[in-house]
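Undergrad: First, the structure itself, so that you have it in front of you.
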Amino acid sequence: MNDIETLKSVIRDIPDFPKEGIIFKDITPLLANADALKKTIDTLKERYAGKGITKVVGIEARGFIFASALAYALGAGTVLVRKPGKLPYKTFKQSYTLEYGTDAVEIHQDAFEPGQKIVILDDVLATGGTIAATINLIQNNFDVEIVEVAFLIELDFLKGREKIKDLPVHSLMHF
Ligand code: AMP
């Protein structure tokens, strides 16, 4: 098995979680596996080292874990994108449409300096709704360069990538 196949082998499928018909990609076995966790962060670090990245953005909640580890590895900072009402300081907000109803993401108003180069990282790219809202949130409020949008896992059949226009997208694992 190559490295990526080895990483894929530690992702656990949980059928019908959190609701019927969803196959949930459980990343906790990867987090608990020292070699797999190190391989994941090292692989991302190799991709982004030397590119002048100063902030890694993590999306609530599992994105935080990987974004902070990658930021540490790169010598960068971490910025949190959270569900409404969780961030303590002044925020910008972006709403987005779900299958039923709407949701929103928020970011602190002082998250970036103008001109900073950033990477956005989340655990799973599914339908792409969350990442599209996150990109709008950042592009509408800050003058920063999104170098790439990265995921541990991309669910190819959901075509979430089509919602990320005009930005490079990279996923370590495809299912
Ligand atoms: P979406 O907006 O549909 O791309 O979904 C994005 C968020 O939902 C990601 O942050 C994931 O953490 C979570 N998510 C969606 N589908 C799955 C899945 N099948 N397995 C694990 N997490 C998922």
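The values are calculated or read from the model by the stated rules, or taken from the named source; none is laboratory data. Bear in mind the structure is a predicted one, so any value in this text is a computation, not a measurement. Backbone-built Cβ (ideal geometry, glycine too); neighbour counts: all protein chains shown. The area values use the complete protein model at the heavy-atom level, side chains included, leaving out ligands, DNA and RNA. Shrake-Rupley method; radii C 1.70, N 1.55, O 1.52, S 1.80 Å.
Undergrad: Counting only heavy atoms of the protein chains, get the accessible area per residue of the chain (1.4 Å probe) and round it to a whole Å² value.
TA: With all protein chains present, the chain gives 53 Å² per residue.
Undergrad: Report, by chain and number, residues whose modeled amide H sits under 5 Å from the one on VAL79, excluding near sequence neighbours (fewer than 5 apart, same chain).
TA: Counting only residues 5 or more places away or on other chains, the set is VAL56, VAL57, GLY58.
Undergrad: Would you calculate a helix-derived [θ] at 222 nm for the chain, using -39,500 (n - 2.57) for each DSSP H run of n ≥ 4 and dividing by the full residue count, to the nearest 500?
TA: Values: 5 runs with 53 residues, N = 175.
It comes out at -9000 deg cm²/dmol, rounded to the nearest 500.
Undergrad: Turning to a different aspect of this structure: In the chain, what percentage of the DSSP-assigned beta bridges are antiparallel, given to the nearest 5?
TA: Restricted to the chain, the bridges split so that about 35 percent are antiparallel.
Undergrad: Is there a pair in LYS25/LYS55; LYS45/LYS163; LYS8/LYS90; LYS38/LYS165; LYS8/LYS93; LYS19/LYS90 whose C-alpha atoms are over 28 Å apart, and which pairs would that be?
TA: Beyond 28 Å between Cα atoms: LYS8/LYS90; LYS38/LYS165; LYS8/LYS93; LYS19/LYS90.
Undergrad: Quick one: work out Rg over Rh on the C-alpha atoms of the chain, Rh as Kirkwood radius.
TA: On the Cα set of the chain, Rg over Rh gives 0.95.
Undergrad: A follow-up question, please. Taking a ≥ b ≥ c as the square roots of the eigenvalues of the Cα gyration tensor of the stretch 12-106, is the shape rounded (a/c under 1.5), prolate (a/b larger than b/c) or oblate? If you can, show how the numbers build up before the last one.
TA: Values: a/c = 2.52, a/b = 1.15, b/c = 2.20.
Because a/c hits 1.5 or more and a/b fails to exceed b/c, the stretch 12-106 counts as oblate.
Undergrad: Could you give me the ³J(HN,Hα) list for the stretch 90-99, computed from phi with Karplus coefficients 6.51, -1.76, 1.60 and θ = phi - 60°, whole Hz, x at Gly and Pro?
TA: Per residue, the Karplus-derived 3J(HN,Hα) values read 4, 10, 9, 10, 9, 8, 8, 8, 9, 3 Hz.
Undergrad: Could you compute the net charge surrounding THR127? Neighbours are other residues with a C-beta less than 9 Å from the C-beta of THR127; K and R count +1, D and E count -1.
TA: +1
Undergrad: Now for a different question. Sticking with the crude label model, points 7 Å out along Cα→Cβ, report the distance from HIS170 to ASP35 in nm, one decimal please.
TA: That separation, rounded to one decimal, is 2.4 nm.
Undergrad: Oh, and also: Quick one: if the Förster radius is 35 Å, what FRET efficiency do THR28 and ASP143 give, using the C-beta to C-beta distance and rounding to 0.05?
TA: Once rounded, the FRET efficiency stands at 0.40.
Undergrad: Can you give the relative contact order of the stretch 51-174 as a percent, counting alpha carbon pairs under 8 Å and 6+ residues apart?
TA: 24 percent
Undergrad: Counting Lys and Arg as +1 and Asp and Glu as -1, each charge on the Cβ, what is the dipole of the chain about the Cα centre in debye, to the nearest 20?
TA: That gives a dipole near 300 debye.
Undergrad: Now for a separate question. Please name which of VAL56, PRO29, PHE17 has its Cα lying farthest along the dipole of the stretch 4-91 towards the positive end, using unit charges on Cβ (Lys, Arg +1; Asp, Glu -1) and the Cα centre as origin.
TA: Working it through, the farthest residue towards the positive pole turns out to be VAL56.
Undergrad: What full-extension length gain, to one decimal in nm, is calculated for MET1 and LYS19 as 0.36 nm per residue of separation minus the Cα-Cα distance?
TA: Here the answer is 3.3 nm.
Undergrad: Follow-up question, since we're still on this one. 5 Å is the cut-off here: which amide hydrogens, built 1.01 Å from N in the peptide plane, fall below it relative to HIS170, excluding neighbours closer than 5 in sequence?
TA: Excluding prolines and chain starts, which carry no amide H, the hits are VAL149, ALA150, PHE151.
Undergrad: When the chain is fully extended, how far beyond the present Cα-Cα distance does THR97 get from LYS45, taking 0.36 nm per residue of separation?
TA: So the chain would gain 15.4 nm between THR97 and LYS45.
Undergrad: Moving to a separate point now. List every residue whose amide H lies under 5 Å from the amide H of PHE112, counting only residues 5 or more places away in sequence or on a different chain, with H placed 1.01 Å from N in the peptide plane.
TA: HN-HN under 5 Å from PHE112: empty list.
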